[in-house]
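Just below is one structure, and these are the notes that go with it.
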Amino acid sequence: MTTPVPPPDLCQLFYISRSRSTPLDVEQILASARRQNLQRGVTGILLFSGGHFAQLLEGSSRALHDTMSAIDADPRHEAVTRLIEEPATRRRFGDWSMAFFEAPGADDLIQQLLAGQHIPPERARRVMDKMLAPCLPANSQGAQ
């Protein structure tokens with residue numbers, strides 16, 4: 001796949017949500033996300049823990065807004081919580097319209113994050129980096 005040219009206002013958004021999905025739903029979410037993301041110039045990764053989602057999205061602020069509007073309206077997601085929304089200097093998943101990673105051990109962590117009052121941005125970044133470390137290309141870990 002060709003890496004999309006970064007928009008001048010490249011941003012990253014990391015959110016978590018409770019899953020109301022079956023395994024078939026997750027396959028449909030991936031297929032739809034990959035199509036929509038290609039059209040919008042969005043890249044990223046979806047982590048599925050069985051009971052929760054964690055997703056890092058990269059793209060223009062407008063594209064991320066449109067993508068999150070669709071996710072917020074999707075009944076397969078519940079308690080959608082944005083942890084990080086910030087400018088980025090480069091894409092971490094530029095070769096993926098939507099990479100996918102299963103992490104059944106992450107359920108407890110995501111549930112704790114959803115139950116919390118406020119998550120400081122520094123902690124959210126550490127959580128995101130730790131959760132996504134196994135799937136990041138070696139030269140992308142910790143990059144923005």
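The values are calculated or read from the model by the stated rules, or taken from the named source; none is laboratory data. Bear in mind that the values here come from a model prediction, so they are computed numbers and not experimental data. Neighbour counts are summed over all protein chains in view; Cβ atoms, including those assigned to glycine, are modelled from backbone coordinates with ideal geometry. SASA here: full protein model, heavy atoms, side chains in, ligands and nucleic acids out. Shrake-Rupley method; radii C 1.70, N 1.55, O 1.52, S 1.80 Å.
Number of residues in the range 45-66 that are among the hydroxyl-bearing types (S, T, Y) and either without any contact (Cβ under 8 Å) to a residue 40 or more places away in the chain or surrounded by 15 or more Cβ atoms within 10 Å (Cβ to Cβ) (or both) equals 2. Residues that are open to solvent by less than 70 Å² (accessible area, probe 1.4 Å) and of a type outside the set (S, T, Y) within the range 69-85 comprise A70, I71, D74, R76, H77, E78, A79, V80, L83, I84, listed in sequence order.
With the requirement that a residue be outside any helix (DSSP H, G or I) and under 13 Å from the mean Cα position of the chain (by Cα), what does the range 24-48 give you? Listed by number, the residues that qualify are V42, T43, G44, I45, L46, L47, F48. Taking the range 95-107 as the range and being at pLDDT below 85 and open to solvent by 60 Å² or more (accessible area, probe 1.4 Å) as the test, the residues that pass are P104, G105. Among residues of the range 17-44 that are open to solvent by 90 Å² or more (accessible area, probe 1.4 Å), none has a Cβ under 7 angstrom from a residue that is in a helix (DSSP H, G or I) at a sequence gap of 6+ or on a separate chain. Of the residues in the range 117-128, not one is more than 14 Å from the chain's Cα centre (by Cα) and in contact (Cβ under 8 Å) with a residue 60 or more places away in the chain. Among the polar types (S, T, N, Q), modelled with pLDDT of 95 or more and over 15 Å from F101 (Cβ atoms), is that true of S69? Here the answer is yes, as S69 does meet what is asked. Comparison of T43, T67, T81 shows that the only residue that is closer than 23 Å to L24 by Cβ and of a type in the set (V, I, T) is T67. Among the residues of the range 103-126, the one identified as among the β-branched types (V, I, T) and over 18 Å from G50 (Cβ atoms) is I119.
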